[in-house]
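Just so you know, all these numbers are worked out from the coordinates, no wet-lab data involved. These numbers come from a predicted model, not from an experiment. Glycine also receives a Cβ, built like all others from the backbone with ideal geometry; neighbour counts cover every protein chain displayed.
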Amino acid sequence: MAWRGLWRNKRRTIITISAVAFATFLTLLSKAMNDGTYLTNIKYALDSYTGYLQINKRGYIDNPTLKKSFFPDEKIKFNLKSTPNIKGFTHRVVSDGLIAHKNNTFGVMILGINPLSEKEVTKISSRVKEGSFLNPQNKKDIVIGAKLSEKLEAKPGDTVVVLVSCFDGSMGDLKLRIGGIMKSGQAETDAGVVYMLIETAQDLFALDGRISTIVISLTDFNKIPETKQQLAKSLNKELEVSDWTRMMPELKQTMDMDSVNTLIFLGILIVIVGFGILNTILMSVTERFKEFGVILALGAKNLKLIWVVVIETLCISIIGLLTGLFFGIIINYYVYYNPIAITGTMADMYKELGFIPAIYTTVSIDIYIYTVIYIMIVCLLAMMYPIYRISKLEALKGIRFT
C-alpha cells in the first residue's frame, strides 16, 4: 500500500525525492569543503610555524615577554622523548626588536631557532627561496622574509644591524649578515620575522641559556588533546601546554563564525526540504482519507495506516538520501584529489589572512554520518503531523471526507 501510494502522483514524488537528494548533496559538500579547507589551513599553519603543541611558562601565550622565559631541564626532554605520538620538538627564543639597513629601520619579531631540530617540527627551512637556510657554522647569518627584504632594500650577503631590549633590561645590538630570503606565503611572516640561530638570539637577549618556548610536532592531528593531557601531567606548575586553539585564537574564532553561517544556510535549506516532504506526505494521506476510512471500517487499526505513512516517508527519504550521497561522494572525492584553486583578488585576500588560496575537502567518515543523521531527523520530523492526522482518523469521518 505504501509503495503504491507513493506512485499515485509520480511527478510530486519525484520532485520530493529530488529535493531530498539535492539537500543531501549540498549538505555533504558544504560540510566537507568547510571542514576540509579549515583542516588543511590549520595543518599548514602548524607545520609552517606554530607546531601542534607548545610548552611555555604560565601566562606566556597571553603576554609573551622575555621575563617569562625558562630553562629547559633534562626532565622535560625525557618526557617529550617518551611521550607517544610526538614526532619531534625544538626550542625557540622569541622577542621583538628593530632591524636596520642603510636608512631603513623596521620593527620585527626575532625568532631564535635550532635549524636541525626545527626541520623535524616545521617546514620553515623549505620556504627559503634565495640564499640558504641557517647553518650552525655561520652564527652571524640570519634569514628574513621577502617583503621585509624589499622594505629594507637588502639582499643576501648584505649586513644589517639588529637592536633589542635584553632580558636584564639593557640594550643589545649585533651586526648580522642576511644569509637567505624566505617566502612563506603569509604576509605578516614575510614582512616582519627575522630568523637566527638560537645561540645567537640567547647571546643577543642576554638569556644565559633560557628559552621562550618548546614547539612540538605530532604524528597525528587528532592526537592533540590526548598528547596535551599526557604532557600537562608531567610538567611542573610553572609550565603549561597550549594547543593551536590558544596559539591561534583568531583562526578558531573565524572557523566558529563560518561554521555558524554554514549551519544557518543549511538549516534554511533543510527546513524548506522538510516542508516539501511534509506537503507530499500530507497531500498523499489526505487524498486517501476515504480509502483509509473504508479500511478502518473493515476492522483495521489506525496503527496499520500509521505504518503505511512511515514506510512512504522512509522510502522517499532513503531514495533521496542515497541519490544525494552517490553524487555527493563522487564530487567530494574529485575535489579531494583536485582542490579548487582560488585566483584574483580573492586569492590575495586569502594570502593576507594566512590561508592557502584553494578550496579543499575531506573524506572523513564523520561527514557522511553527519549528513545522514541531519537529513533523516528532518524527514522523521516531517512525518509527525501526517501521523497525528491518521491517529485521530475515524472510519465514518474518513468515508465522508471531501
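Observations, loosely collected:
- Dipole magnitude of the chain, debye to nearest 20 (Cβ charges: Lys/Arg +1, Asp/Glu -1, about Cα centre): 1720 debye
- Going from the residue with the fewest nearby Cβ atoms within 10 Å to the one with the most, GLU291, GLU118 rank GLU291, GLU118.
- Max mean-square fluctuation residue, GNM over the chain, Cα-Cα springs under 10 Å, options SER149, SER242, SER234: SER234
- Those lysines that a straight Cα-Cα span of less than 21 Å connects to LYS175, excepting residues fewer than 8 apart in one chain: LYS102, LYS139, LYS140, LYS147, LYS151, LYS155
- Report note on the peptides 51-58, 204-211, 165-172: ranked by the mean count of other C-beta atoms within 10 Å, highest first, their order is 51-58, 204-211, 165-172.
- Coarse-grained scattering of the stretch 48-102 at q = 0.16 Å⁻¹, given as base-10 log I(q)/I(0) from a Debye sum over alpha-carbon atoms: -0.64
- Cβ charges +1 (Lys, Arg) and -1 (Asp, Glu), total dipole of the stretch 59-236, debye: 360 debye
- Under the simplified labelling scheme, the ALA300-ASP158 pair shows an inter-label distance of 8.7 nm, with each label point 7 Å from Cα along Cα→Cβ.
- Convex hull of the stretch 155-254 built on C-alpha atoms - directionally averaged projected area, nm²: 9.3 nm²
- Computed extension gain for GLU250 through ARG4, at 0.36 nm per residue and net of the alpha carbon distance, reaches 83.0 nm.
- Relative packing of peptides 189-201, 218-230 - highest average C-beta neighbours within 10 Å first: 189-201, 218-230
- Check: the stretch 158-317 dipole with +1 on Lys, Arg Cβ and -1 on Asp, Glu Cβ, in debye: 980 debye
- With q set to 0.29, 0.31 Å⁻¹, the log10 of I(q)/I(0) for the stretch 181-230, from the Debye formula over equal scatterers at the Cα positions, is -0.99, -1.07.
- Helical content of the chain, expressed as a calculated mean residue ellipticity at 222 nm, amounts to -17000 deg cm²/dmol (DSSP H runs of 4 or more residues, -39,500 (n - 2.57) each, divided by residue number, nearest 500).
- Inter-label distance, GLU226 to GLU74: 3.1 nm, where each label sits 7 Å from its Cα along the C-beta direction.
- With 10 Å bins from 0: P(r) over the chain, alpha-carbon pairs, percent: 4, 18, 21, 17, 12, 10, 8, 6, 3, 1, 0
- Largest GNM mean-square fluctuation among THR83, THR371, THR50, using the chain with Cα springs under 10 Å: THR83.
- Candidates ASN79, GLY36, VAL378 compared by Cα position along the dipole of the chain: farthest toward the positive end lies VAL378, with charges placed on Cβ.
- Under the span-like rule (Cα at least 15 Å along the axis, Kyte-Doolittle mean at least -0.5), DSSP H helices of the chain: 10-45, 249-287, 302-337, 365-382
- Alpha-carbon centroids, the stretch 69-112 and the stretch 302-340: separation in whole Å: 51 Å
- Which of ASN236, SER125, VAL164, positive extreme of dipole for the stretch 59-236 (C-beta unit charges): SER125
- In this entry, the stretch 1-99 is assigned a mean projected area of 13.6 nm², taken as a quarter of its C-alpha convex hull surface.
- Our summary of shape: the Cα atoms of the stretch 59-236 have principal axis extents of 51, 35, 31 Å, ordered from largest down, in whole angstrom.
- Most to least packed among 362-369, 15-22, 37-44 [average Cβ atoms within 10 Å]: 15-22, 37-44, 362-369
- Cα-based reach from LYS290 at 23 Å (exclusive), listing lysines while leaving out same-chain residues under 8 positions away: LYS10, LYS301, LYS304, LYS392, LYS397
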